[in-house]
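Remarks on the structure that follows.
Read-outs throughout are calculated quantities, based only on the coordinates presented, and are distinct from any laboratory measurement. None of these values were measured; they are calculated from a predicted model. As a convention, Cβ positions derive from the backbone with ideal geometry for all residues, glycine included, and neighbour counts pool all protein chains shown.
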Amino acid sequence: MEIRQLHYFLMLCNELHFTEAAYKLGISQPTLSQQIRVLEDELGVPLFDRLGKKTVKTEAGNLLEQYALQIVQQLENAKSAIEDLTNLHTGHLRVAVLPSDLDYRLTALLIDFHKEFPNTKVQVIPSIDILNKVLENEVDIGVGLAIQPDNRLNRIPFYTETYSLFITDEHELADKDIILPSDLVNMPLVMYPKGFSGRDLIENWCDIQEISIDTLMETGSATSLFQLVKSGIGATIQPSQLIENFQSLGMRAIPIKHSPTRNLEMFYRNDKYLTRSAQAFLKRMETFF
């Protein structure tokens, strides 16, 4: 059994279509079929059932997939560990983060990180599906809202923050020290669309407070939301710390009574080797926040 065959097998597990899997592997379909037959002959059991135009994994195929994923992951871990041993810091770090405000706030951290690891390629990938990206090994580290305990993951809580109402200095509520939930009813707001974690958190909080909010405009960018607030189109409800980034626009953040809160954490697969650069990134995140 060869590593190459396991890669072929895993691609077919993902696609469950010989033609599509062969195309993504860059080989011909007959070559893929022949290699799968070699695996099946070696193991003495069929790994896939061909049911008309459908391809489905057998029980043996499901079992081999679990072990093949572990083997491929361990091979990647070995490569990463050896790269670390050479101390070249020429690796590749992939981080999935909440879109909108969180990816925006990481810019200063990324600049400092690059100074320490100038040869490490870094990809920051905004996503609302961070957990699956980590579990499917599409990224090395996930940064987002706290998740449920999962024995496949290591989790590092690093920050808890409240939300405030962001308004211009000229807003009629600008002199208030605190905003009541009832003050938000019928207030013109600019917000993230529903489906964004920040928006869904606020909607759930509104249900608890037995209020509803109205939006005039919705956008997925923190920068555009604050530009809309500056233009007087509406107010916005955002994590309180963001005022540090946007105070120069002539606005203020007023705390909300019984404010929504969110717990942030980093997580990664516990079977994954963390390079020195990845470990340094985790430590910098804890310090930064």
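Points to keep in mind about this one:
- Where Rh is the Kirkwood radius over Cα pairs, Rg/Rh for the chain: 1.09
- For the stretch 245-289 versus the stretch 27-53, the inter-centroid distance based on Cα atoms is 46 Å.
- Charge dipole (Cα centre; +1 on Lys/Arg Cβ, -1 on Asp/Glu Cβ; no other charges) of the stretch 154-256 amounts to roughly 360 debye.
- The stretch 159-261 shape via C-alpha gyration tensor axes, a/c threshold 1.5: rounded
- Computed from the C-beta positions of Lys194 and Leu110, the FRET efficiency with R₀ = 22 Å rounds to 0.15.
- Of Glu116, Glu40, Glu218, the one that fluctuates the most in a GNM where the chain has Cα springs shorter than 10 Å: Glu40
- Rg and Dmax of the stretch 3-84, based on Cα coordinates, read 13.4, 48 Å.
- Per-residue [θ]222 nm for the chain (sum of -39500 (n - 2.57) over DSSP H runs n ≥ 4, rounded to 500): -13000 deg cm²/dmol
- Fully extended contour minus Cα-Cα distance, from Thr58 to Thr19, at 0.36 nm per residue: 12.1 nm
- Distance between the modelled labels on Ile3 and Ile125, one decimal in nanometres: 2.1 nm (7 Å Cα→Cβ projection).
- Straight-line cross-link partners of Lys24 among the lysines, defined as a Cα under 28 Å from its Cα and at least 8 positions apart when in the same chain: Lys53, Lys54, Lys57, Lys79, Lys121, Lys133, Lys272.
- Choice from Leu69, Leu131, Leu274 with maximal GNM fluctuation in the chain (Cα, 10 Å cutoff): Leu69
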